[in-house]
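Below is one structure, written out as structure tokens, with a few remarks after it.
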Amino acid sequence: MTASAVLQFPPPSAQQSTVWLLDKLAHYADAWDLAQDLANGIAGIVVIDTRPAEQYQAGHICGAVSFPHRTMTAETLAGLDREKVYVTYCDGIGCNGSTKGAWKLASAGFQVKELTGGLDFWQRDRHPVTLGTERGEWPQTTLTDCGC
């Protein structure tokens, strides 16, 4: 009989999973959830592109603010609204700019989530991007339910 690679390490209890998964959802947002909130004009979130300005200009999430993580300091973060939740992103799972930006924001006392998969997953899901230095407006399109 072949041993299970999955069951080699027993799963946690349902209670442990509930706590851990809730914690995971508190730290991350996915592209669909963010797109839905942007399409619905949810005012409580601000999307931050943590990549260099040149990359932001080449294409970014509609409505995102360019705020490269390397420029985040106590002084540059001071003007942000502490009532908002900030969603950081970078290129994707091979980049940790969104993590560095989220860490700097959280260390300064801001509420923050990271976008799972960054701009890569955003574009794979065919959500809109805009070019240039302006934040851009969310297009007047209807989202197709992802079924998640």
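Considering only C90, L119, H60, the residue lying farthest towards the positive end of the dipole of the stretch 38-147 is C90, judged by Cα position with unit charges set on Cβ. Just the protein heavy atoms count here, and of the accessible area of the chain at 1.4 Å, carbon and sulfur take up 56 percent.
Panel note: the C-alpha atoms of the stretch 87-140, placed on their principal axes, show extents of 35, 23, 18 Å (largest first). In units of the compact-protein estimate 2.2 N^0.38 Å, the chain shows a Cα radius of gyration of 1.18. Accessible surface computed residue by residue for the chain, with neighbouring protein chains in place and a 1.4 Å probe, gives 64 Å² per residue. Each stretch of four or more DSSP H residues adds -39500 (n - 2.57); spread over every residue of the chain, this sum gives -9500 deg cm²/dmol at 222 nm.
Remark: relative contact order (the stretch 1-114) = 26 percent; criterion is Cα-Cα distance under 8 angstrom and separation of 6 or more residues.
One Cα centroid belongs to the stretch 41-81, the other to the stretch 89-129; the line between them spans 10 Å. Here the dipole of the stretch 64-136 is about 80 debye; that uses its Cα centre as origin and unit charges on the Cβ of Lys and Arg (positive) and Asp and Glu (negative). Relative contact order, whole percent, for the stretch 92-144 stands at 32, derived from Cα pairs under 8 Å and 6 or more residues apart. For the chain, the longest piece that avoids every one of the GluC sites (Glu not before Pro) found in DSSP loops with at most 14 other C-beta atoms within 10 Å covers 1-82. If you average the sequence gap of Cα pairs under 8 Å that are 6 or more apart and divide by the length of the stretch 30-74, what percent do you get for the contact order? Relative contact order, the stretch 30-74: 36 percent. Note on the chain: with a GNM built from Cα contacts shorter than 10 Å, the maximum mean-square fluctuation among T18, T76, T133 falls on T18. Here the chain carries DSSP beta bridges of which approximately 15% are antiparallel, counting only pairs with both residues inside.
Do any trypsin sites (Lys or Arg not before Pro) in the stretch 51-90 lie in a loop, going by DSSP, with at most 12 other beta-carbon atoms within 10 Å of their beta carbon, and if so which? When the trypsin sites (Lys or Arg not before Pro) of the stretch 51-90 are filtered for loop state and at most 12 Cβ neighbours within 10 Å, R82 remain.
The values are calculated or read from the model by the stated rules, or taken from the named source; none is laboratory data. From a predicted model like this one, the values you see are computed outputs, not experimental measurements. Please note: Cβ atoms are built from the backbone with ideal geometry, for glycine as well, and neighbour counts cover all protein chains shown. Each accessible area value is taken on the protein alone, full model and side chains, heavy atoms only, with ligands, DNA and RNA left out. Shrake-Rupley method; radii C 1.70, N 1.55, O 1.52, S 1.80 Å.
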